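Have a look at the structure below before the remarks.
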């Protein structure tokens, strides 16, 4: 019990430090979405052949459903395939507010955003100018549709039609991410304390791994053994603790067995005999 309380206290203090920055980040996002959402849509729709530029720049704003807006425009032939891909590549979600909540990463965040924008613009131009002639007409998109015919505006009002204060949505997003970070950190801390830091250090050749969290689409975790680094998907905050523990153990076992052979699953089963049931919770 004493061990749990120690880990709980450390986790609570470390996570609480992020709250002010996290809330301010979401408050800014909600303000942009409420006050300038329609302007952003208009800029995207009016980009024409050069739509990859506003698509990449505006896509960096972690606005809720921005990629869905671009998808609707593309399906209605308002924007091109290049503009759509620029939005997809540049669009950010909860990963950005999470990094904003950690001032030590602001310089790295700025570099990341610049790289995202430039990469998205290049890919967009390649699709719209270089490969346009070889792409099927059905994939090119175009300018025959009209943006005002596409309903992309997300409602921000209650059942009675009254507009909700932006701080409520910002607070809700903040608490959701806070709970994820807190639960994940607590679970991870208990595993490390329970198994022992020395055991993990021995498995990793005397060096503890670097732990990172980012938004991922197709994976719950990635173990880069050569870099001694484990990256967990931000989306794990939606999963139950039993599933989160499974992902942590799974990725750590890759330091013992790099592939998913029988030896790997044997190592997982040593720590989690019910790993199959836990893995099933992720589906």
- Task: Can you tell me how much longer the chain between residue 167 and residue 75 gets when fully stretched, taken as 0.36 nm per residue apart minus their C-alpha distance, in nm with one decimal?
- Result: 29.8 nm
- Whole-angstrom gap from the stretch 109-124 to the stretch 224-283, using each part's C-alpha centre: 31
- Message: Counting other beta carbons within 10 Å of each residue's own, what order do 131, 58, 186 fall into, fewest first?
- Response: 131, 186, 58
- Query: Which part of the stretch 234-277 falls in the paramagnetic zone of residue 108, meaning amide N under 19 Å from the point 7 Å along Cα-to-beta-carbon?
  - Reply: 234-236
- Using 0.36 nm per residue of separation minus the Cα-Cα distance, give me the extension gain between residue 260 and residue 13 in nm, one decimal. 85.2 nm
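Pull out the extension gain between residue 212 and residue 190, defined as 0.36 nm times the separation in residues minus the alpha carbon to alpha carbon distance; nm, one decimal. Spell out each step's value before the answer.
On the way: separation 22, 0.36 × 22 = 7.92 nm, distance 1.76 nm.
Difference between extended and current length: 6.2 nm.
Since every read-out is calculated from the coordinates, none of them should be taken as a lab result. For clarity, every value in this text was computed on a predicted model and none was experimentally measured. Cβ: placed from backbone, ideal geometry, glycine included. Neighbour counts: every protein chain shown.
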